[in-house]
Amino acid sequence: MTNLPRIAVIGTGGTISGVGRDRLDFYEYGTSGRFMHVDELIAGVPELARVADVVPIGYKNVGSTEIGPSDWLALLRIINKTVADDPSVAGIVVTHGTATLEETAYFLNLAVKVPVPVVVVGAMRPSSALGADGGNNLLNGARVAGSAQAKGMGVMVVLNDEINAARDVAKTSNYRVQTFVSRDFGMLGYADADSVKFYRRPLRVAAPETEFDVAELSELPRVDIVPAYAGADATFVEAAVAAGAKGIVSAGFPSGSPSPAQKAALKQAARAGIVVVQSSRSGSGRVIDDKVALREAGFVAADSLTPQKARILLMMALTVSSDTNEIRRMFDTY
């Protein structure tokens with residue numbers, strides 16, 4: 001077929017490219033150390049040739065627990081260079097392990113500057129398993145990335161025939177194929193067999209329209225997450241401060257508060273110039289910024305962001321400003 005969209009597929013490894021011992025290896029495959037390269041992954045889905053002119057780009061072949069901020073910056077540079085070198089590229093797909101997929105996707109949602117759709121895909125079953133889901137997810141990711149409707153949607157996550165916004169989506173189950181869910185706001189649309197359909201558009205500012213310019217940075221500011229639990233003392237807060245954190249995210253009790261000992265230590269950290277963001281460990285719902293206790297403590301509310309995504313936004317915000325009011329504005333914007 002002619003006039004197919006040109007889609008670059010960047011491979012990072014993960015379950016989608018994992019190879020297990022046999023077709024019933026659904027959970028030990030990570031110990032085999034075998035991940036298909038992106039060109040092998042693409043070759044395993046010949047139907048891709050019916051929907052896109054696919055360009056494979058290798059990056060890494062690792063489990064996503066090994067993917068971190070330095071990789072985010074490297075992927076950002078690869079995406080920027082790919083589109084700059086080949087203006088005919090109509091979309092980008094990143095294949096990724098699911099453990100940290102939502103974090104990579106949200107970073108890209110804040111950082112990418114290219115004017116084409118970016119889609120992150122993964123799988124819950126390795127490529128070698130009975131009922132492997134990766135091939136269909138990759139196919140649908142390419143279809144979404146090549147869709148004219150996908151422009152202006154920010155970075156998207158596509159698994160299980162569902163299209164979700166990178167800001168809102170979270171992995172909610174260890175093994176189920178329907179694990180990626182946007183709990184508060186719902187999916188953007190479907191990648192069904194007949195067509196790609198969108199039903200809503202995110203209102204929060206997203207790539208490529210953000211104020212962050214980090215492609216040339218070698219590292220991002222250190223931000224740590226401190227979990228709240230019954231009887232928690234100040235140990236984790238003090239450790240983050242000692243490690244040189246520029247920001248701390250408190251993964252507080254629902255609806256957003258640390259333990260008393262943590263709060264005292266976090267207030268001290270805020271007075272010392274460390275930006276503290278208050279989130280909730282519940283996985284759903286807002287932390288309200290106008291709460292008197294938060295304002296008096298000098299903390300910034302995470303709004304509806306999970307702790308791990310609040311960390312990413314705070315890392316990005318600190319590349320622009322350390323002013324609490326400015327960072328509060330960013331949490332209300334993104």
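FYI, it's all coordinate maths here, none of it is from the lab. For clarity, every value in this text was computed on a predicted model and none was experimentally measured. FYI the Cβ positions are ideal-geometry reconstructions off the backbone, even for glycines, and counts take in every protein chain you see.
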Q: Give, in nm to one decimal, the length gained when the segment between residue 21 and residue 233 is fully stretched (0.36 nm per residue of separation minus the Cα-Cα distance).
A: 71.9 nm
Q: Can you tell me the FRET efficiency between residue 325 and residue 175 if r is taken as the Cβ-Cβ distance and R0 is 41 Å, rounded to the nearest 0.05?
A: 0.45
Q. Just going by the charge dipole of the chain, with Lys and Arg at +1 and Asp and Glu at -1 on Cβ, which of 108, 310, 288 is farthest out on the positive end?
A. 288
Q: Pairs of Cα atoms under 8 Å, at least six residues apart: use those to get the relative contact order of the chain, whole percent.
A: 14 percent
Q. Sorted from fewest to most neighbouring beta carbons within 10 Å, what does the list 41, 159, 294 look like?
A. 294, 41, 159
Q) Can you give the longest stretch of the chain with no exposed loop site, where a site means GluC sites (Glu not before Pro) in a DSSP loop (not H, G, I, E or B) with at most 16 other C-beta atoms within 10 Å? A) 29-208
Q.
Could you work out how much longer the chain between residue 293 and residue 130 gets when fully extended? Use 0.36 nm per residue separation minus the Cα distance between them, nm to one decimal.
A. 53.5 nm
Q. In nm, what is the difference between 0.36 nm times the number of residues separating residue 215 and residue 47 and their Cα-Cα distance?
A. 57.1 nm
Q) Shape call for region 6-198 from the C-alpha gyration tensor, a ≥ b ≥ c root eigenvalues: rounded (a/c under 1.5), prolate (a/b greater than b/c) or oblate? A) rounded
(Q) For the chain, take the longest principal axis of its alpha carbons; what is the angle in degrees between that and the long axis of helix 260-271, to the nearest 10 within 0 to 90? (A) 90 degrees
Q. From the backbone phi of region 297-314, what are the Karplus-calculated ³J(HN,Hα) couplings (6.51 cos²θ - 1.76 cosθ + 1.60, θ = phi - 60°) in whole Hz, Gly and Pro given as x?
A. 7, x, 8, 9, 7, 7, 6, 9, 6, 5, x, 5, 7, 4, 4, 5, 5, 5
Q.
I'd like the distance between the alpha-carbon centres of region 275-334 and region 126-196, rounded to an integer number of Å.
A. 27 Å
Q) What trypsin sites (Lys or Arg not before Pro) does region 231-329 have in DSSP loop regions with at most 15 other beta carbons within 10 Å? A) 286
Q. Going through region 48-109, which trypsin sites (Lys or Arg not before Pro) have at most 11 other Cβ atoms within 10 Å and a DSSP loop state?
A. none
Q | Listed residues 12, 98, 82, most fluctuating in the chain (Gaussian network, C-alpha, under 10 Å) | A | 82
Q.
Is there a quick way to get the dipole size of the chain? I mean about its Cα centre, with the Cβ of Lys and Arg at +1 and of Asp and Glu at -1; what is the value in debye to the nearest 20?
A. 520 debye
Q.
Quick check: the angle from helix 134-145's long axis to the longest principal axis of the chain, C-alpha only, nearest 10 degrees?
A. 80 degrees
Q. So in the chain, what percent of DSSP beta bridges are antiparallel if you round to the nearest 5?
A. 30 percent
**Q.** Value of [θ]222 nm, deg cm²/dmol, for the chain, DSSP H segments ≥ 4, -39500 (n - 2.57) each, nearest 500
**A.** -8500 deg cm²/dmol
**Q.** Share antiparallel - DSSP beta bridges, region 6-198, percent rounded to 5
**A.** 40 percent
Q.
Taking 45 Å as R0, compute the FRET efficiency from the Cβ-Cβ separation of residue 4 and residue 268 and round it to 0.05.
A. 0.20
Q: Please work out whether the chain counts as rounded, prolate or oblate from its C-alpha gyration tensor, where a ≥ b ≥ c are the square roots of the eigenvalues and a/c under 1.5 means rounded, while otherwise a/b larger than b/c means prolate and anything else oblate?
A: prolate
Q. Do you know the relative contact order of region 223-333, to the nearest whole percent, from alpha carbon pairs under 8 angstrom that are 6+ apart?
A. 24 percent
Q: With a point put 7 Å past each Cα toward its Cβ, work out how far residue 70 is from residue 31 in nm, to one decimal.
A: 2.8 nm
Q: For the chain, with a Gaussian network of springs between Cα atoms less than 10 Å apart, report the residue from 20, 134, 58 with the top mean-square fluctuation.
A: 58
Q.
For region 6-198, what does the relative contact order come out to in percent, with C-alpha contacts under 8 Å and a separation of six or more?
A. 23 percent
